[in-house]
Amino acid sequence: MSRLVVVSNRIADPRKTAAGGLAVALGEVLNNSGGVWFGWSGKLVDQYPGDGPQVQVHQAGPVKLATVDLDQADYQSYYVGYSNGVLWPVFHYRLDLADFDAGYIEGYRRVNQMFARKLLPLLRPDDIIWVQDYHLIPLAAELRALGCQQRIGYFLHIPLPPPLILAAIPGHDWLMKGLCSYDLVGFQAEADHEHFCRYIEAEAHAQNLGEGRWRVFNRTVHAGAFPIGIDVKEFQALTDGEEAREMYQRMKREYSRRKLLVGVDRLDYSKGLPQRMRAFRELLAKHPETRKSATLIQIASPSREDVSAYTDILHELESLCGSINGNYGELDWMPVRYMHRTVARGRLPGLYRASRVALVTPLRDGMNLVAKEFIAAQDPEDPGVLVLSRFAGAAEQLKEALLVNPYDTEGTAAAIHLALQMPLEERRERHAALLATIRQYDVHWWCDTILHLLGQAEAEETGTPWLRL
Ligand code: ADQ
């Protein structure tokens, strides 16, 4: 049986529940195959030791966690600069926020080369390697350049923009050729997959071999959409746990006279937080009765504070919340409760369950797992309503949510109003359909499907059995 090697920018100890569904799901597969998880330790050093970065290996049960530290220069160019200052904005359609000129691409390439060099000695001939996300697009090409023959899969957790937006990146051809060095490339949504196909056809004259296979840059690559899910069972168990129940009861007590709306996000410009606040303000202005009945709790966890676009969004959000509370608040009621912090994972389901409406309204999002967690945490007998941006990858699957265009303030306000008033019967019907979808396409389905395809390709070539899950 093949061993699984996962590579991602950061790694998590799968034995800790705080790690979340993805880490737990990957951890399960890694456990079964006695695998390796390789990535950055999260630590920074002023400079590397004389003989370069060292790999540290910790054993977490049957899984090997292998990490390297980064020095300040690599962190600034690879992580802050290129990954989060170029790829993140462009892939979320924000060319205006991308800083192309600073030469970050050199650092991005250098760290991917270093990862390849450090990973290579840890590999066995029949390993299956699975690389995660935008920090590591060129990793397969760098591994191949060092002679690596193993099957390598890739999953992009964020959207892939249309070809014309991609083409604005200086060096986009190098980046996309790198993406085609994988054997299997997975995207969150059909829209992203379609953008990939259009790009490689137009820019690299790829030949469509059918069934998701392409001949491009003298190799065959398999591509498809594999929407990531959550571990529904685990999240429901968390909802029944003590911390979540306490949170639920506290919320119900505190807000007994009001319906709660909830937003839970990383504080990121892609999440549409100012637009959401403007829609909520429109709701209060247009439907004065909601001033007596609705409170919005917005949790925005600190994120990437060393990138300047993130401090701008923080100030905009604070000023909007302040002005809404100033204009509509009363002595005994504030319309918006805004908190710039992370909620403990064990308490989150209690907050979701106490809320009548979730506002998940990103301007662009690869998938958005908050939408799925909100559905999983509801009481099926009296569920809340999901208001979901049509620009989240999740909208391709979650058709029974109230889909909105977050740029349309009036339209979003009208949908929130509808959600607050939705009769029980309709709430139940929509919730049942949504729950069935997230159960069918949970994180185990995601993992199994991708690894099965990766292993299958190996079996076709070598006659060895598929990776056992
Ligand atoms: P993110 O952009 O981080 O992830 P998302 O999927 O919404 O976005 O959230 C990931 C996790 O973070 C969820 O489990 C959520 O509960 C948690 N989280 C977010 N804000 C929090 C807060 N304030 N307090 C506590 N927990 C919080 C990227 C992509 C997404 C994609 C995921 C997974 O941008 O589109 O869904 O990867 O592929």
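The values are calculated or read from the model by the stated rules, or taken from the named source; none is laboratory data. All figures in this text were calculated on a predicted structure; none of them were measured in a lab. Cβ: placed from backbone, ideal geometry, glycine included. Neighbour counts: every protein chain shown. To get the accessible areas, we keep the full protein, side chains included, count just its heavy atoms, and leave off ligands, DNA and RNA. Shrake-Rupley method; radii C 1.70, N 1.55, O 1.52, S 1.80 Å.
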Open item on the list: Please list, ordered by chain and number, the residues whose modelled amide H lies under 5 Å from the amide H of Leu403; skip anything fewer than 5 residues away on the same chain.
Closed with: Leu388
Open item on the list: Could you give each residue of region 77-82 its phi-based ³J(HN,Hα) in whole Hz, using Karplus coefficients 6.51, -1.76, 1.60 with θ = phi - 60°, and x for Gly or Pro?
Closed with: 8, 6, 8, 5, x, 7
- [ ] Taking the Cα atoms of the chain, report the difference between the largest and smallest coordinate on each principal axis, in whole Å and largest first.
- [x] 68, 45, 45
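Write down the percent of antiparallel bridges among all DSSP beta bridges whose residues are both part of region 232-440, to the nearest 5.
Bridges in region 232-440 that DSSP calls antiparallel: roughly 5 percent.
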TODO: Would you work out what percent of the accessible area of the chain, with all protein chains in place, is carbon or sulfur (probe 1.4 Å)?
DONE: 49
Task: Given charges at beta-carbon only (K, R positive; D, E negative), |dipole| of region 232-440 in Debye - done: 280
- [ ] Of the options Asn368, Ala401, Leu424, report the single residue whose Cα projects farthest towards the positive end of the charge dipole of region 232-440 (beta-carbon charges: Lys, Arg +1; Asp, Glu -1).
- [x] Leu424
Task: Among Phe91, Gly39, Ala23 - extreme Cα towards positive end, dipole of region 1-117, charges at beta-carbon - done: Ala23
Task: Rounded to 5, the percent of DSSP beta bridges in the chain classed as antiparallel - done: 20
- [ ] Between Lys43 and Glu201, with labels modelled 7 Å along Cα→Cβ, what's the label distance in nm to one decimal, could you check?
- [x] 4.9
TODO: Rounded to the nearest 10 degrees, what's the angle between the helix 409-421 long axis and the longest principal axis of the chain, both from Cα atoms, 0 to 90?
DONE: 70
Task: Built amide H within the under 5 Å cut-off of Val307, gap 5+ - done: none
Task: Cα-centre dipole for the chain with unit charges at Cβ (Lys and Arg positive, Asp and Glu negative), debye to 20 - done: 840
TODO: Send over a whole-number figure in Å² for the accessible area per residue of the chain, probe 1.4 Å.
DONE: 41
TODO: Would you kindly derive the ³J(HN,Hα) couplings of region 62-68 from the backbone phi angles with the Karplus curve 6.51 cos²θ - 1.76 cosθ + 1.60 (θ = phi - 60°), listing them in order in whole Hz, with x for Gly and Pro?
DONE: x, 9, 8, 9, 10, 10, 10
TODO: Would you please give the residues with an amide H less than 5 Å from that of Asp69, counting only those at least 5 places away or on a separate chain, with H modeled from the backbone geometry?
DONE: Ser41, Gln54
- [ ] Using a 10 Å Cβ count of at most 15 others and DSSP loop calls, identify the longest part of the chain lacking such GluC sites (Glu not before Pro).
- [x] 1-210
Open item on the list: Below 8 Å between Cα atoms, with a sequence gap of 6+, how large is the relative contact order for the chain in percent?
Closed with: 14
Task: Degrees, to the nearest 10: 21-33 long Cα axis against longest axis of the chain - done: 30
TODO: As a check on your grasp of the helix formula, calculate [θ] at 222 nm for the chain: sum -39500 (n - 2.57) over DSSP H runs of n ≥ 4, divide by the residue count, round to the nearest 500.
DONE: -12500 deg cm²/dmol
TODO: Please turn the phi angles of region 426-431 into ³J(HN,Hα) values with the Karplus equation 6.51 cos²θ - 1.76 cosθ + 1.60 (θ = phi - 60°), one per residue in order, whole Hz, x for glycine and proline.
DONE: 5, 4, 5, 4, 5, 5
- [ ] Normalising by the residue count of region 232-440, find the relative contact order in percent from Cα pairs under 8 Å and 6+ residues apart.
- [x] 25
Task: Using alpha-carbon coordinates, inclination of helix 190-204 to the longest axis of the chain, degrees - done: 40
